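The structure appears right after this line, and notes come after that.
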Amino acid sequence: MSFLRTVEVNIVGIVQGCGFRPFLFNLARSLNLKGFILNRGNAGVRLILQGEAKFIDQFLQDLKDKKPEISYIESIAVKELNNGLLYENLEITPSEQGRGISLTLPPDIAICSDCIEDMNNRELKKYYKYPFIACAVCGPRFTTVKELPYDRERTTMIRFPFCQEAEPVSCIEEYSDFTNRRFHAQTFACSICGPEYTLYNKSKEPLIIDNISKILEETSKQILEGKIVAIKGIGGVHLVCLAEEDDILIKLRTRKGKRKNKPFALMIPNIDTIQNEFFISQKEKDLLASFRRPIVLLERRKNYTDSKISQQVAPGLSNVGFMLPYSGIHYLLFEKLGMIPLVYTSGNRSSIPMSLDNDEIFSQLDALADVFLLHNRPIYQRADDSVLRIHDTKVKLIRRSRGYVPEYFSLPFDVEIPAALAVGPELAVTGAVLRKNRIFPTQHIGNVTHLETYNFLNDALFHMKRLLQIKDDEIRFITCDAHPAFITTKYARELSEKYNIPIFPIQHHYAHALGLMAENKINVDEEIIAITTDGVGYAEGKKINSIWGGEILRCSYWNYEKLNSLEPQPMIGGDRCTKYPARMLASILLNKLNMEQARKIFEHLNIEKDLEYGRDELNTIIALWEEANGKFPYKDIPFTSSTGRIFDTVAYLLGVCKKKTYRGEPAMKLEALATQGCPENVPFDPEKYYLRNASDLILDIIDLLNDKRIKREDIAAKFQIVIAKMFAEVAIFEARFKNIPYIGLTGGVAYNYSFSTTIRNEVKKAGLTFLEHDKIPPGDAGISLGQLIGGIFKYNQED
Ligand SMILES: [Zn+2]
Ligand SMILES: [Zn+2]
């Protein structure tokens, strides 16, 4: 026994539910190692291994090199053992309820190529054309798991006991055989023992039961006839229809009510389908095909004429969101339908989360879908498709959900706080849970302005708390936005009272910056200059009447200071200015010019036609402004330094958006226009513009509109660069002056490619380090993370 070496190996990370234990088992076995593998729930995996020293070394090397793609190892600790024991077998021992701090559950994983092969193999009768096929490295995870450790009895698959007798091999045999791909897989099943689809009409009457081939035939027929089909999938339900014909898209928009222009995502059978029409970089291809299978926004090529995609999919935009099939039903459907793109949009009514329960799906989608393709596997947690776009090599997450949640972020500093909660801002919300030095954001919730979304946030937050096995008395604080009137802020106050813990409101843009700092591993003793640009966010303190959204902040983890901002503009009539950009323009002009000059431009641009109540509304705006007579704060005239409002105004001036029908619409349409333009054609001198005189830029654009030689596209392209340089210039000045090496960009405007890259280039040219998002959403979905980070430092300060 002297030549035998015995080690204890403790692995921490995302190592459950991704075929990691079978991988360990087979690796150890191939090296003739003995001992056991213990699943320690939240604490990870522990192995005791005994064997020849060189094989132990080999094992530790292969562990890093050959681990399953989906697993994520945070740490491996190896300890030599001298316990004198001799191990005769290699075993996987059952789970032990973990008490550690590590949540080790992967997100939902797209169907793998081996399973697709099995699904198409006639010899494998139990899997042939069976849409719920899965294995140890693929299939649903987050959406089916009720609690940890991750075992079948704690998933919604408990309803479907493994079959015992199927030929040539039963599910229980596959589960128990370590040489099988489904060894210890928790969410697989077959056509004998697993869930199944049924096709229903609108009256909930089954049309076809129990015959997948007939179901698919009928479903395809309905789609090809132009019907809208509700299809239940992994984390919710989708509305599916053809993407080619305007009529069908318009029907879908009409049925969705408020959805006049908001883009729909498409599912394509493979990348070749759109290769000619859209630019797809290698990075985009990799992400599209990754196990996460997100929706990736792709840029249209100019002058492509043979499009199979209706303009109604994304009216006025230059990019379209695409995803690849990620579950069995998707592949089977394309097999029947052929290689055509499909609209594949979340099946919900505007502003209400998707229903999960079949009865609720019928009632919510009654007026939207013509037929319903539903299955009988319960969905425990809702998860929308994730959405992102790529800026060169960096990922800009717009919606972080399926395929990402419940992955966590490790903070770049030690945290002794056992647990804390964050509720996010109001729009595009995620919640987040702190567990020591890890932050677990919830899936995307949406706008918390309705009871349904409020309930969704509450449910998602507490599900995450339960997964992490956090006890009530471990929660030390709760954080929220500094805006006192947000529903989420009220919710945070209730939780604070319930648990008798402090509440820390964190200013919106500071929260953006804190997330950026942590993501970029800034140390606790360092500072950054943050450019925070977005639509709306309340300022902190007494000046509640001012709305931020274009700030230069100096930030540490402890505190922040506003150094500069975009010229504040009045918003006469408050929020109406965000809906009707003409109103924002009127406000800017009244503030900048005298009445006579302003009226002249109103006349010249005929802006009253773009106000909901025409001339009357314009007169009301003017009257309210005169009434205020320069004394602010006044009634319904807040001031805003929002970058989003300036983008809206320019989008309006250039004729691409007269009324905002969804969040970000004017700015997205402006960006689409700019992609067609050439900034060099516009004789603006960027040196002439400063953050403090942004209205000069607006006036110059108005002047330029009279010059028929210059195209609107060119103005749009130039505008994005000029405004980016205005921010970069001040940030660089402050960074140099204060000897801070980092300049970061965060907030929703950071999604704009030209704006982002211009700032990045300027910062790099100045020899400073540019910080940008790659894992945390730049928009409001990233705020909950920043709130927790702000809370940690406030909590420690109070101690
Ligand atoms: Zn698989
Ligand atoms: Zn089975």
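Miscellaneous remarks
- Residue that is farthest from the chain's Cα centre (by Cα), among those in segment 152-164 that are over 15 Å from His184 (Cα atoms) and more than 9 Å from ligand 2 (Cβ to nearest atom): Arg159
- Top-ranked residue in segment 70-79 [being open to solvent by 60 Å² or more (accessible area, probe 1.4 Å) and farther than 13 Å from Gly17 by Cβ; ranked as modelled with the lowest pLDDT]: Glu74
- Of all residues in segment 113-147 being open to solvent by 50 Å² or more (accessible area, probe 1.4 Å), in contact with a strand residue (DSSP E or B) (Cβ under 8 Å, 6 or more places away or on another chain) and in a loop (DSSP other than H, G, I, E, B), the one that is farthest from ligand 1 (Cβ to nearest atom): Lys146
- For first residues located in segment 358-384 and over 18 Å from Pro107 (Cα atoms), partners that are assigned to a strand (DSSP E or B) and of a type in the set (Gly, Ala, Ser) and lie 6+ apart or on another chain with Cβ distances below 8 Å form the pairs Ile361/Ala230; Leu365/Ala230; Leu368/Ala230; Ala369/Ala230; Val371/Ala230; Phe372/Ala230; Leu373/Ala230; Leu374/Ala230.
- Selection of first residues in segment 495-517 that are in contact (Cβ under 8 Å) with a residue 12 or more places away in the chain and open to solvent by 50 Å² or more (accessible area, probe 1.4 Å) and of second residues that are assigned to a loop (DSSP other than H, G, I, E, B) and among the aliphatic types (A, V, I, L, M), restricted to Cβ pairs under 6 Å at least 6 apart or on distinct chains, gives the following pairs, ordered by first then second residue: Pro505/Ala482.
- Scanning segment 167-190 for residues that are in a loop (DSSP other than H, G, I, E, B), within 13 Å of ligand 2 (Cβ to nearest atom) and buried (at least 21 other Cβ atoms within 10 Å of the Cβ) yields Arg182, Ala185, Thr187, Phe188, Ala189, Cys190.
- The condition of being surrounded by 24 or more Cβ atoms within 10 Å (Cβ to Cβ), outside any loop (DSSP other than H, G, I, E, B) and either out of contact with any helix residue (DSSP H, G or I) (no Cβ under 6 Å at 6 or more places or on another chain) or modelled with pLDDT under 95 (or both) holds for Ile723.
- Screening segment 578-694 for helices (runs of 4 or more DSSP H) wholly inside it with 3 or more residues that are under 30 Å from Ala428 (Cα atoms) and among the small types (Gly, Ala, Ser) returns the ranges 581-592, 665-674.
- The single residue among Ile248, Ile231, Ile215 that is farther than 28 Å from Met119 by Cβ, more than 16 Å from ligand 2 (Cβ to nearest atom), of a type in the set (A, V, I, L, M) and not in a loop (DSSP other than H, G, I, E, B) turns out to be Ile248.
- Scanning segment 150-166 for residues that are surrounded by 21 or more Cβ atoms within 10 Å (Cβ to Cβ) and either touching a helix residue (DSSP H, G or I) at 6+ places or on another chain (Cβ under 7 Å) or outside any helix (DSSP H, G or I) (or both) turns up Tyr150, Thr155, Phe160, Phe162.
- Any hit, segment 533-541, residues being in contact (Cβ under 8 Å) with a residue 12 or more places away in the chain, touching a strand residue (DSSP E or B) at 6+ places or on another chain (Cβ under 7 Å), in a strand (DSSP E or B) and not basic (Lys, Arg): yes
- Residue in segment 626-638 that is out of contact with any helix residue (DSSP H, G or I) (no Cβ under 9 Å at 6 or more places or on another chain), among the aliphatic types (A, V, I, L, M) and surrounded by fewer than 22 Cβ atoms within 10 Å (Cβ to Cβ) present: yes
- Among the candidates Lys262, Lys232, Lys285, Lys221, the residue that is open to solvent by less than 20 Å² (accessible area, probe 1.4 Å) and not hydrophobic (A, V, I, L, M, F, W, C) is uniquely Lys232.
- Residues being open to solvent by less than 10 Å² (accessible area, probe 1.4 Å), more than 21 Å from Glu299 (Cα to Cα) and of a type in the set (S, T, N, Q) - total across segment 735-791: 3
- Neighbours by Cβ (under 8 Å, 6+ apart or cross-chain): first from segment 161-178, more than 10 Å from Lys126 (Cβ to Cβ); second among the small types (Gly, Ala, Ser) and more than 16 Å from ligand 1 (Cβ to nearest atom): Phe162/Ser170; Gln164/Ser170
The values are calculated or read from the model by the stated rules, or taken from the named source; none is laboratory data. Quantities reported herein were computed from a predicted structural model and do not represent experimental measurements. Counting neighbours? That spans all protein chains shown, and the Cβs are built from the backbone with ideal geometry, glycine included. The accessibility values were calculated without ligands, DNA or RNA, using every heavy atom of the protein model including side chains. Shrake-Rupley method; radii C 1.70, N 1.55, O 1.52, S 1.80 Å.
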